[in-house]
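The values are calculated or read from the model by the stated rules, or taken from the named source; none is laboratory data. Not measured: the values here are computed from a predicted model. Cβ placement follows ideal geometry from the backbone for every residue including glycine, while neighbour counts extend to all protein chains displayed. These accessible areas exclude ligands, DNA and RNA; they are computed on the full protein's heavy atoms, side chains included. Shrake-Rupley method; radii C 1.70, N 1.55, O 1.52, S 1.80 Å.
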Amino acid sequence: MLRTSLFTRVNGLSYKSPINVMKARSCSSASHNPLKINRIFENNKAWAKEKDVDFFKKLSAGQNPEYLWIGCSDSRIPAEQITGLQAGEVFVHRNIANLVCNTDLNVQSVINFGVKALKVKHIVVCGHYACGGIKAALAPQDMGILNPWLRNIRDVYRLHEKELDSISDEGQKSDRLSELNVIEQARNVIKTAVVQQCYEENGYPRVHALIFDFKTGLLKDLELDFEAILKNIKKIYNLTGQ
Ligand SMILES: [Zn+2]
């Protein structure tokens, strides 16, 4: 109830309506629902109860994940659940439409820490079909604070304008842009100094581009040719000092 009263839906995305927020604040006691947050604690207790002492002993000792996962914030794609990886096995960063922006300190810090400190062997950029962020970028609308974020997706469109313009079906166009966006974001990961330098010194990490399909529940490998892209982008983006 609170969600529908606070948010207005535009093109599949929800925005807080200032008027509805004011209405909700005026009856804040009705909007305060402790039962919903209690569910989290109840689930947590049940989860902790299932584990043995060794499990928490191992978690307390630190993390040594082999994978860094950069995915979309979409609530339907929990990285650990769809990959079967356990706590401690994957370092996760998620944002709207799984973007790797050069000026985003958040994702850049995650990549830096993942590669330098955790020494991850694989960096996975994972997008998904029917992505709300991709659809929003395709819409001719002012999305407020989202505009500069979605601009990154529009830039991917510009790079592949001819191919995307030739797709008349809106759903197919959006899905193809999702694929092209994942590949471009994986390319952005390869452009970072830390990935280039670590790969040259150690032969890892390798970067992968995957896409998730809600209809089948399966991940598809977009078969990024990591070494060819690395070699190719070094013409302009070489940060190895050699
Ligand atoms: Zn998404």
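Working only within region 31-82, note down all residues that are farther than 28 Å from GLN108 by Cβ and in contact with an Asp or Glu (Cβ under 6 Å, 6 or more places away or on another chain).
Hits for region 31-82: nothing passes.
On the basis of being modelled with pLDDT of 95 or more and under 21 Å from GLU223 (Cα atoms), does LEU99 make the cut?
Judged against the criteria, LEU99 is a match.
Within region 83-99, restricting attention to residues that are open to solvent by 50 Å² or more (accessible area, probe 1.4 Å) and within 16 Å of the ligand (Cβ to nearest atom), which residue is farthest from LEU177 (Cα to Cα)?
In this case the residue turns out to be VAL92.
Please return the ranges of strands (runs of 3 or more DSSP E) entirely within region 1-72 where 2 or more residues are modelled with pLDDT of 65 or more.
Here the list reads 67-72.
Can you find, within region 41-82, the residue that is nearest to the ligand (Cβ to nearest atom) among those that are touching a residue at least 40 places away in the same chain (Cβ under 8 Å) and of a type in the set (Gly, Ala, Ser)?
GLY71
Restricting attention to region 114-132, does a residue exist that is free of Cβ contacts under 8 Å to residues at least 24 places away in the same chain, open to solvent by less than 50 Å² (accessible area, probe 1.4 Å) and within 16 Å of the ligand (Cβ to nearest atom)?
No, region 114-132 contains no residue that is free of Cβ contacts under 8 Å to residues at least 24 places away in the same chain, open to solvent by less than 50 Å² (accessible area, probe 1.4 Å) and within 16 Å of the ligand (Cβ to nearest atom).
Scan (1) farther than 28 Å from LEU118 by Cα; (2) out of contact with any Leu (no Cβ under 7 Å at 6 or more places or on another chain) for the single condition LYS173 breaks and write down its number.
That leaves (2) as the condition not met.
Residue by residue through region 67-77, note down the ones that are crowded, with 16+ Cβ neighbours inside 10 Å and charged (D, E, K, R).
Hit for region 67-77 is ASP74, nothing else.
Could you count how many residues in region 100-113 are open to solvent by 40 Å² or more (accessible area, probe 1.4 Å) and either in a strand (DSSP E or B) or touching a residue at least 40 places away in the same chain (Cβ under 8 Å) (or both)?
Qualifying residue count for the region: 3.
Go through (1) outside any helix (DSSP H, G or I); (2) surrounded by fewer than 15 Cβ atoms within 10 Å (Cβ to Cβ) and name the single condition GLU80 misses.
Condition not satisfied by GLU80: (1).
Considering each residue of region 183-213, count those that are touching a strand residue (DSSP E or B) at 6+ places or on another chain (Cβ under 7 Å) and farther than 22 Å from LYS119 by Cβ, and give that number.
So the answer is 4.
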